[in-house]
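Novice: Structure incoming, see below.
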């Protein structure tokens, strides 16, 4: 079809007059006004985040986060790769009693350029180890990816001194990938978490743990963990008081040891049908009354129990 010189300008004008679909800007420089007005959430694009994996979105994400906390509104991350050059710290102290919600539509927080972990840190400051801050209802809704290349844990919930207690956290689906091969490189660290539901897939090429429980209590945890370098552990329970947790539908593999229990204060934790595919499946050197119900050991398991202190296996 041949378009005349008179018709072409009219078609261009018509195209420019038609509103762009939600999430698309004809100019590609600013989001449609509909994204930024009348919503019950804070869209990071309205604060300058691009999500193309090239532009530095650190400042924009922090501005959007500050607005979400100030307005008691959820923080919304659309699908995209958000490049950050420093730790994204979500400190929800101001909403400790009402909660904070992060909505992700498969967004990627790409912090591979950050040499010092973590890439994502969830805190609730204001307490101390003797009197921890009690915080409630952090909710990560949807699927969120965290990419790192750091010799530390890529994603951390809570302070390492146990000065903030995170109650009733719900993590819908957190996928952590740390490409660093250093001895301290790990995936997800849970420092002080209580009465929570966590679905996380945390993989590390390093020698720490895919998932590390420092002090986690009365929670339901599922997903997967791996840490493939020398000394790596897929899931490690260490340091603080971790008790009465249920691990269900959890995949532990791609590590020298699948499960290490090293805390003398680990008690009454239950693993329901765990899948273990590591040369050494379990090294429980401390703790008591750990129940392993119907475990499945893969064909590459050479040693099922390097140590089994306080371990009960059914069957």
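Read-outs throughout are calculated quantities, based only on the coordinates presented, and are distinct from any laboratory measurement. Source: prediction; values computed, not measured. Neighbour counts are summed over all protein chains in view; Cβ atoms, including those assigned to glycine, are modelled from backbone coordinates with ideal geometry.
Novice: Using Cα centres only, tell me the gap between the stretch 42-97 and the stretch 203-270 in whole Å.
Specialist: 29 Å
Novice: Given [x] 19.9; [y] 18.1; [z] 15.9, which label gives mean projected area of the Cα convex hull in nm² as computed from the coordinates?
Specialist: Computed from the coordinates, mean projected area of the Cα convex hull in nm² corresponds to [x].
Novice: Here is a follow-up. Which ordering of 45, 101 is given by a fewest-first count of other beta-carbon atoms within 10 Å? Working shown, then result.
Specialist: Working: 45 22, 101 19.
Taking fewest neighbouring Cβ atoms as first place, the list is 101, 45.
Novice: Suppose a student asked you for the relative contact order of the stretch 84-314, using Cα pairs under 8 Å spaced at least 6 residues apart; what percent would you report? Can you show the working numbers first?
Specialist: On the way: 870 pairs, mean separation 26.5, N = 231.
Once divided by the residue count of the stretch 84-314, the mean separation gives 11 percent.
Novice: Among 290, 303, 216, whose mean-square fluctuation peaks in a Gaussian network model of the chain (Cα, cutoff 10 Å)?
Specialist: 303
Novice: Using 0.36 nm per residue of separation minus the Cα-Cα distance, give me the extension gain between residue 93 and residue 244 in nm, one decimal. Each step should come with its number before you reach the end.
Specialist: Working: separation 151, 0.36 × 151 = 54.36 nm, distance 2.66 nm.
Answer, rounded to one decimal: 51.7 nm.
Novice: Relative to the longest principal axis of the chain, what angle (0 to 90°, nearest 10) does the C-alpha long axis of helix 7-17 take?
Specialist: Taking Cα atoms only, the helix is inclined about 50 degrees.
Novice: For a quick check, take a GNM of the chain with Cα springs below 10 Å and name the residue from 180, 269, 39 with the largest mean-square fluctuation.
Specialist: Maximum among the listed residues: 39.
Novice: With 10 angstrom as the radius, rank 214, 121 by how many other C-beta atoms surround their C-beta, starting from the fewest.
Specialist: Values: 214 23, 121 18.
Final ranking by Cβ density, sparse to dense: 121, 214.
Novice: Next question, about the same structure. Add -39500 (n - 2.57) for each DSSP H run of 4 or more in the chain, then divide by its residues: what number comes out at 222 nm, to the nearest 500 deg cm²/dmol?
Specialist: Value at 222 nm, helices only, nearest 500: -2500 deg cm²/dmol.
Novice: I would also like to ask the following. Compute a Gaussian network model of the chain, connecting alpha carbons closer than 10 Å, and tell me which residue from 97, 203, 110 fluctuates the most.
Specialist: 97
Novice: If you line up the long axis of helix 58-71 against the longest principal axis of the chain, both from Cα atoms, how many degrees apart are they, to the nearest 10?
Specialist: The helix 58-71 is inclined about 90 degrees to the chain.
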